[in-house]
Amino acid sequence: MTDPENLEEDFATLFAASTQTRRLQTGKPVDGTIVSIGPEVALIDVGAKGEASIVIEELKNDDGVVDAKVGDRIQATVVSMTGGITLSRRLQRGAASRRQLEDAFRAGLPVEGKVDSQVKGGYTVSVAQQRAFCPGSQIDTVRDLDPAAHIGRVYAFRIIEYAEDGRKFVVSRRALLEDAQKSRAEDVRRTLSPGAIVSGRVVSVRDFGAFVDLGGGVQGLLHVSEMGWSRVADPSQVVKPGDEISVQVLRIESKGGDEKIALGLKQLGGDPWATMAERYVVGQVIQGRVTRIAEFGAFVELEPGIEALAHASTFAPTGKPGGWAKSIAAGTTGAFEVLSIDAGKKRIGVALLDSESARAERSASPRSAIAPGARLTGKVERHEKFGIFVFLAPGVTGLLPRAETGVANEADLLKTFPLGSPVDVVVLEADSSGRRIRLSVTAIQKAEEAAEVRDYAEREEASTQTSGFGSLADKLRGALGSRDK
């Protein structure tokens, strides 16, 4: 036996559904919730008995992708009540009355129209056998396209003005595109975080980098410094507008409502500095290419992504301020010696070797030749009250104390040893690090005198053995006595 209370509930439900069904009329807008999405149609709960249906194409965006999901609320127009409730989010061309167009205008529903021709200020568009006007600024979100490219195309539009029984009929495609972009932009932003690898399309290329569209109008900047581990001079040689690329999100900064997204391309490849210690050691000689000249030195590319600095002090002095820079130019290739390595700070110090030197042909360090007693030729680097600094080799400078210059205390060292002039010296002291090197000119003079004495002695010895007159000591004393006169 049927429960009377259940009969009352069923009757009430049926009555409410029938009332809702009567309120639904063809051409009227309705709100509903998506309850299921199939391959061809989606079912919408509009509060009536049963569900309304809408073809799946109505839920796709301009890219052909379904941009709705179960649970979403949508607004559509009732286009049929026969055999069930059929909805549409677009009013088909030639199938809508002026009343339906006015309803679409009030409800903000999209309508479908064909761009017929270009006129002053915009385009004429056929919508439901009526003529509408679309301003040129409202046909697209991108303004770089050829205006004639829109002629003959069928687009979805939003009616932004409908008055005087359709005599004032203005539509906008841009409004729909921006709404879709906002929706996609929110989805895109949810996927963005520092370290994330995303795909995008290069929109434009500038001197400082490239702007990349990550979807939904969300753009990030790929700075020129993040394009490659090697120095990039021209970003257009790396990417071009329209290129589809993968990038890594480096930073996301929000300030004053604006969002700045920094992107990186080089991060997708290995950092050559991570394995640098396996390939470089102090004292090593390696080929390099000068990439640019700065006031303090020259930058040298040792390999893609590894750039070293040849400091100005490693070049032989010329006696003129900045004269070293004239001895080398960007693009110069040659042999460089590794002077220092700081892997943590990603710094390598190098020095250019003379192409004719033996060191340029092998990996021997010039420091091995700098030892006490060694006789070298250097160049005057600078003067101090206590002596002269002498450039011995790239990255190697020794001190010639005033007392070891071989000139009187009152003599002018600037005149005797001009800047950049060559000077022969003997190494008196040199520590293992090569940072403390003491030189002498006096030692050379003494050595030369001693050599002269030895030569004279040897000649006299030979002469005595031949003639037998006098002793070697007598003649030696006589030689020295005549020298002192």
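At a glance:
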{"item": "Long-range neighbours under 8 Å by Cβ, at least six apart or interchain, first residue closer than 26 Å to E429 by Cβ and open to solvent by less than 60 Å² (accessible area, probe 1.4 Å) within segment 443-462, second modelled with pLDDT of 75 or more and in a helix (DSSP H, G or I)", "result": "A443/E404"}
{"item": "Number of positions in segment 391-404 that are in a strand (DSSP E or B) and at pLDDT below 85", "result": "5"}
{"item": "Hey, E226 more than 12 Å from the chain's Cα centre (by Cα) and of a type in the set (D, E) or not", "result": "no"}
{"item": "Residues of segment 160-194 satisfying the condition of being more than 20 Å from G216 (Cα to Cα) and either open to solvent by less than 30 Å² (accessible area, probe 1.4 Å) or touching a strand residue (DSSP E or B) at 6+ places or on another chain (Cβ under 7 Å) (or both)", "result": "I160, E161, Y162, G166, K168, F169, V170, V171"}
{"item": "Tally of residues being of a type outside the set (G, A, S) and buried (at least 19 other Cβ atoms within 10 Å of the Cβ) across segment 197-218", "result": "6"}
{"item": "Selection from segment 226-246 of residues that are more than 21 Å from W273 (Cα to Cα) and either free of Cβ contacts under 8 Å to residues at least 24 places away in the same chain or in contact with a Gly (Cβ under 7 Å, 6 or more places away or on another chain) (or both)", "result": "D234, P235, Q237, V238, I245"}
{"item": "Residues of segment 308-325 satisfying the condition of being buried (at least 18 other Cβ atoms within 10 Å of the Cβ) and among the β-branched types (V, I, T)", "result": "T314"}
{"item": "Filtered residues of segment 226-244 (kept if touching a Ser or Thr at 6+ places or on another chain (Cβ under 7 Å), within 14 Å of V202 (Cβ to Cβ) and surrounded by 12 or more Cβ atoms within 10 Å (Cβ to Cβ))", "result": "P241"}
{"item": "Looking only at segment 245-278, and only at residues there that are basic (K, R) and touching a strand residue (DSSP E or B) at 6+ places or on another chain (Cβ under 8 Å), the one that is most open to solvent (accessible area, probe 1.4 Å)", "result": "K260"}
{"item": "Considering residues of segment 68-89 that are open to solvent by less than 40 Å² (accessible area, probe 1.4 Å) and over 24 Å from A180 (Cα atoms) only, the residue modelled with the lowest pLDDT", "result": "S80"}
{"item": "Residue satisfying all of: in segment 128-159; surrounded by 17 or more Cβ atoms within 10 Å (Cβ to Cβ) and among the hydrophobic types (A, V, I, L, M, F, W, C); nearest to D63 (Cα to Cα) among these", "result": "A156"}
{"item": "Unmet requirement for L101, which otherwise passes all of (1) part of a strand (DSSP E or B); (2) in contact with a Phe, Trp or Tyr (Cβ under 7 Å, 6 or more places away or on another chain)", "result": "(1)"}
{"item": "Some residue of segment 388-400 being hydroxyl-bearing (S, T, Y) and surrounded by 15 or more Cβ atoms within 10 Å (Cβ to Cβ)", "result": "yes"}
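The values are calculated or read from the model by the stated rules, or taken from the named source; none is laboratory data. This structure is a prediction, so every number in the text was calculated from the model and none was measured. Heads up, the Cβs are rebuilt from the backbone with ideal geometry, glycines too, and the neighbour counts pull from every protein chain shown. When the accessible area is computed, the model is the full protein with side chains, heavy atoms only, and any ligands, DNA or RNA have been set aside. Shrake-Rupley method; radii C 1.70, N 1.55, O 1.52, S 1.80 Å.
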